[in-house]
Structures are given as C-alpha cells and as structure tokens.
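Quick notes on the structure that follows.
Nothing in this text is a laboratory measurement; each read-out follows from the coordinates by a stated rule. These numbers were taken from a predicted model, which means no experiment stands behind them. Cβ: placed from backbone, ideal geometry, glycine included. Neighbour counts: every protein chain shown.
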Amino acid sequence: MRPEEAAGKSPLSQPRCEIEKTPLGGECQRPGEVRYKGMFLVCRPHAALLGLEDRAEAVLGSVFRMDEWLEENGSSGADEEYLGRIRHEREEALAALRHIRVEIRSARKEALQ
Ligand SMILES: [Zn+2]
C-alpha cells in the first residue's frame with residue numbers, strides 16, 4: 001500500500017479503470033494503467049482479459065472461414081493434401097481456442113478480485 005492510500009486520500013492524478021466503456025462492461029475500482037485499442041484506459045487484469053477475448057474472437061473467426069471453405073470445397077474433388085492441411089489447421093485453431101478459454105476463465109477470476 002502506498003503512503004497516500006494508507007492516509008485515506010485517493011490520488012486525483014490517477015484515473016480509474018474504464019472497463020464499463022469497453023464491450024466487456026462492468027465496474028472496476030482499480031486505477032487505469034493500460035490503454036486498450038488506443039481508447040480506453042483499463043487496469044492490468046482487465047487489459048489481459050480484453051486481450052484474451054480479442055484473441056479468442058480472432059481464432060474463432062479463422063475457424064469459421066475454414067469451415068466455409070471446407071463446405072465449399074470439401075466434396076468437389078479439391079486437392080486432398082491441401083484439404084488435409086486445412087483440416088489440420090482447423091483442429092489446431094480449435095485446440096488453441098480451448099486453451100484461450102482456460103486462460104480467459106482465470107483472467108476473469110483475477111479481474112474480479
Ligand atoms: Zn479494471
């Protein structure tokens with residue numbers, strides 16, 4: 001605890017976490033320390049959580065694109081080797097997504113403290 005906190009004074013120069021303005025919403029009393037997408041100032045735990053949510057969304061987007069591609073090309077006699085590679089990439093993306101979900105769960109817990 002810093003001396004000014006111990007004295008019961010909140011330092012006016014320190015802005016608060018702006019998580020309520022982000023897509024995640026909610027309330028947070030921690031000081032804002034990290035700039036998210038150049039717009040919102042958020043605390044470190046919320047910055048970590050927002051970063052993970054963005055990553056999950058990006059990976060999910062690539063899985064959707066691969067699904068679409070497989071639906072269009074999967075039965076049209078496309079190059080088997082290439083098809084196999086896309087399927088493998090899709091599996092890897094899903095595995096990454098599962099891993100990110102676990103990270104998100106623990107990041108959420110941390111952000112709630
Ligand atoms: Zn926060």
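Please label the shape of the stretch 45-91 as rounded, prolate or oblate, based on the square roots a ≥ b ≥ c of the eigenvalues of the alpha-carbon gyration tensor (a/c under 1.5 means rounded; beyond that, a/b larger than b/c means prolate, else oblate).
prolate
Between ASP67 and ARG55, 0.36 nm times their residue separation minus their Cα-Cα distance comes to what?
2.5 nm
I need the P(r) histogram for the stretch 24-65: all alpha carbon pairs, bin width 5 Å from 0 out to the longest distance, whole percents.
That works out to 5, 23, 26, 20, 12, 9, 4, 2, in percent per bin.
Could you compute the longest span of the chain free of trypsin sites (Lys or Arg not before Pro) located in DSSP loops and having at most 13 other Cβ atoms within 10 Å, not counting the site residues?
38-113
Sort out for me the Cα centre separation of the stretch 84-113 from the stretch 39-70, rounded to whole Å.
The stretch 84-113 and the stretch 39-70 have Cα centres spaced 10 Å from each other.
Which loop GluC sites (Glu not before Pro) in the stretch 17-113, with loop taken from DSSP, have no more than 13 other Cβ atoms within 10 angstrom of their Cβ?
Here the sparse-neighbourhood loop sites are GLU27.
Given 10 °C and 1.306 mPa s, how large is the Stokes-Einstein diffusion coefficient of the stretch 21-113 in µm²/s, with Rh as the Kirkwood radius over Cα pairs?
In µm²/s, the coefficient rounds to 104.
Based on the Kirkwood radius over alpha-carbon pairs, what is the Stokes-Einstein translational diffusion coefficient of the stretch 70-113 at 10 °C with 1.306 mPa s viscosity, in µm²/s?
The calculation lands on 126 µm²/s.
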